[in-house]
């Protein structure tokens, strides 16, 4: 039975729980080893929900042939705008976005997609893939059915042995909401990697349970919460979660190299390994 549960982010619709675990579990074991501990691959499980976003079978493209006209929802456009601003701030080669959203909607959206598809952060992703990623995030918050099914996947993957939950990207939002919805599960440690939990209005204000007076709820039963972010991670726009969820959150910055948001360098980081190790051995408050 696993002691650590990983909850993945978007764009995993063509993988499965075991193939994802094969890629991620050894990386986390490396991170724990760098922190001076030991974690076995068998002690790591993955809560998988990527298949819920997999398109129905067809002879077409793996990702629907989205174009600029498909980004009509305000959440999708606002998230795109936020990514563009942050990419322009952190990357010299990305077109300045300071006046990019003042024109007609299709025009600035096209400029934003073009700028991001050429950024180092997004690694040359095709525009239709970028749009698909935006739509997965939107679907989680807008489609109550999808949200419930994803939550059930996470809760079903938890066992009596689970002590630590590690959530990456949107997976940190999924894991947070699951922990809040089902207290008393025996999980003592929460680790968030590249988390968008603190992004105002777009993510933070849409959480369940709803934040009150600018403060998100602390998940019942959690003794430790470590939030790990790379300064160049565009998705983790708000690097510090302590001001939003309480001073007990330990915010830590790491450097992931060229792939600032990739889950594997996050998992191999000594800081991540230490947070997981503390949850397993139970030392300290």
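The values are calculated or read from the model by the stated rules, or taken from the named source; none is laboratory data. As the structure is a computational prediction, the values presented were derived from the model and not from experiment. All Cβ positions, glycine included, derive from the backbone under ideal geometry; neighbour counts span all protein chains shown.
Please find, among 30, 65, 78, the residue that is farther than 30 Å from residue 274 by Cβ and outside any loop (DSSP other than H, G, I, E, B).
After applying the criteria, what remains is 78.
Quick check on residue 72: is it in a loop (DSSP other than H, G, I, E, B), at pLDDT below 95 and within 24 Å of residue 133 (Cα to Cα)?
yes
Out of the range 167-184, which residues are farther than 10 Å from residue 47 by Cβ and crowded, with 19+ Cβ neighbours inside 10 Å?
Once the filter is applied, which keeps residues that are farther than 10 Å from residue 47 by Cβ and crowded, with 19+ Cβ neighbours inside 10 Å, the range 167-184 yields 168, 169, 170, 172, 173, 176, 177, 179.
Can you tell me how many residues within the range 151-168 are closer than 16 Å to residue 206 by Cα and at pLDDT 95 or above?
Count: 0.
Within the range 241-251, track down each residue that is over 16 Å from the mean Cα position of the chain (by Cα) and surrounded by 13 or more Cβ atoms within 10 Å (Cβ to Cβ).
Those that are over 16 Å from the mean Cα position of the chain (by Cα) and surrounded by 13 or more Cβ atoms within 10 Å (Cβ to Cβ): 242, 243, 244, 245, 246, 249, 250.
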